[in-house]
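J.: The structure follows.
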Amino acid sequence: MAQGFEWRYNISGGKPLVLTFLMKDSETLTLGDLLNLESGEVDLLATGDTAAVGLFMGPDDPDDAVDRKPGTVSGTDSTTVVRAIVNPDAVYADVDDTNARLPGALLDVSGATGAQAIASASNNEFVVVARKKQASDETFVQFTAPTHYLSKVQ
């Protein structure tokens, strides 16, 4: 069962850069979800989105977390503030992917909150970063350059 994504490292090294954003929709977000930027606010990333932000890290205010689920927020449109890793060169792991993958393969995002995973490519949100030694190894992916919202800075 898909559990979402986990940050592993940045291609350039260093720590993850975490920024805060307002939620665009009244929806639930879960640790491991990937976010998209629309009109300056974030929502759950879906395949075909063109302004990926990065990995959801929880609500900015711990009181906004769902009871007994500190990494889950049931947010309110344009009100709830959430934290996300935003490094354009961040490498994320899909720990549940059991498919053989080669570096350079293009993939998409799929799934609802708490169950996002990589999927066969049609919109090419991700590129596989490293070769898997075994199909059971986690898959390392990075956003393709045109997908990440900071890649549009020139």
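J.: Which of the residues belonging to the stretch 4-31 are closer than 15 Å to MET57 by Cα and among the polar types (S, T, N, Q)?
T.: Of everything in the stretch 4-31, those that are closer than 15 Å to MET57 by Cα and among the polar types (S, T, N, Q) turn out to be THR20, THR28, THR30.
J.: Which residue is farthest from LEU107 (Cα to Cα), if the candidates are limited to the stretch 135-154 and must be small (Gly, Ala, Ser) and in a loop (DSSP other than H, G, I, E, B)?
T.: Among them, the one singled out is SER136.
J.: Turning to a different aspect of this structure: I want to confirm something. Restricting to the stretch 17-50 and keeping residues that are small (Gly, Ala, Ser) and surrounded by fewer than 16 Cβ atoms within 10 Å (Cβ to Cβ), which single residue is nearest to VAL86 (Cα to Cα)?
T.: Only one residue fits best here, namely GLY40.
J.: Go through (1) at pLDDT below 95; (2) part of a strand (DSSP E or B); (3) buried (at least 21 other Cβ atoms within 10 Å of the Cβ) and name the single condition GLY71 misses.
T.: Only one criterion is unmet by GLY71, namely (3).
J.: Oh, and also: Can you name the condition, by its number, that VAL82 falls short on among (1) under 21 Å from THR147 (Cβ atoms); (2) over 15 Å from the mean Cα position of the chain (by Cα); (3) not small (Gly, Ala, Ser)?
T.: (2)
J.: If I go through the stretch 30-60 residue by residue, how many of them are of a type in the set (A, V, I, L, M, F, W, C) and either in contact with a helix residue (DSSP H, G or I) (Cβ under 8 Å, 6 or more places away or on another chain) or part of a loop (DSSP other than H, G, I, E, B) (or both)?
T.: Selection size over the stretch 30-60: 7.
J.: Identify, please: which residue in the stretch 130-152 is in contact (Cβ under 8 Å) with a residue 40 or more places away in the chain and over 22 Å from LEU19 (Cβ atoms) and is, among those, farthest from the chain's Cα centre (by Cα)?
T.: GLU138
J.: Identify the single condition in (1) without any contact (Cβ under 8 Å) to a residue 60 or more places away in the chain; (2) assigned to a loop (DSSP other than H, G, I, E, B) that ASP63 does not satisfy, given that it satisfies every other one.
T.: (2)
J.: Sticking with this structure for a sec: What residue, of THR76, THR50, is hydroxyl-bearing (Ser, Thr, Tyr), under 14 Å from the mean Cα position of the chain (by Cα) and modelled with pLDDT under 95?
T.: THR50
J.: Follow-up question, since we're still on this one. If I filter the stretch 21-39 for residues that are touching a residue at least 12 places away in the same chain (Cβ under 8 Å), in contact with a Lys or Arg (Cβ under 6 Å, 6 or more places away or on another chain) and among the hydroxyl-bearing types (Ser, Thr, Tyr), do I get at least one hit?
T.: Among the residues of the stretch 21-39, not one is touching a residue at least 12 places away in the same chain (Cβ under 8 Å), in contact with a Lys or Arg (Cβ under 6 Å, 6 or more places away or on another chain) and among the hydroxyl-bearing types (Ser, Thr, Tyr), which makes the answer no.
J.: Could you list, in sequence order, the residues of the stretch 5-23 that are within 24 Å of GLY40 (Cβ to Cβ) and outside any strand (DSSP E or B)?
T.: PRO16, LEU17
J.: Does the stretch 119-134 hold any residues that are assigned to a strand (DSSP E or B) and farther than 27 Å from GLY40 by Cβ, and which are they?
T.: Within the stretch 119-134, ALA119, SER120, VAL128 qualify.
J.: Which of the residues belonging to the stretch 102-117 are more than 17 Å from LEU31 (Cβ to Cβ) and either among the aliphatic types (A, V, I, L, M) or in contact with a Phe, Trp or Tyr (Cβ under 6 Å, 6 or more places away or on another chain) (or both)?
T.: Once the filter is applied, which keeps residues that are more than 17 Å from LEU31 (Cβ to Cβ) and either among the aliphatic types (A, V, I, L, M) or in contact with a Phe, Trp or Tyr (Cβ under 6 Å, 6 or more places away or on another chain) (or both), the stretch 102-117 yields LEU102, ALA105, LEU106, LEU107.
The values are calculated or read from the model by the stated rules, or taken from the named source; none is laboratory data. Not measured: the values here are computed from a predicted model. Methodologically, a virtual Cβ is constructed for each residue, glycine included, from the backbone with ideal geometry; neighbour enumeration extends over all protein chains shown.
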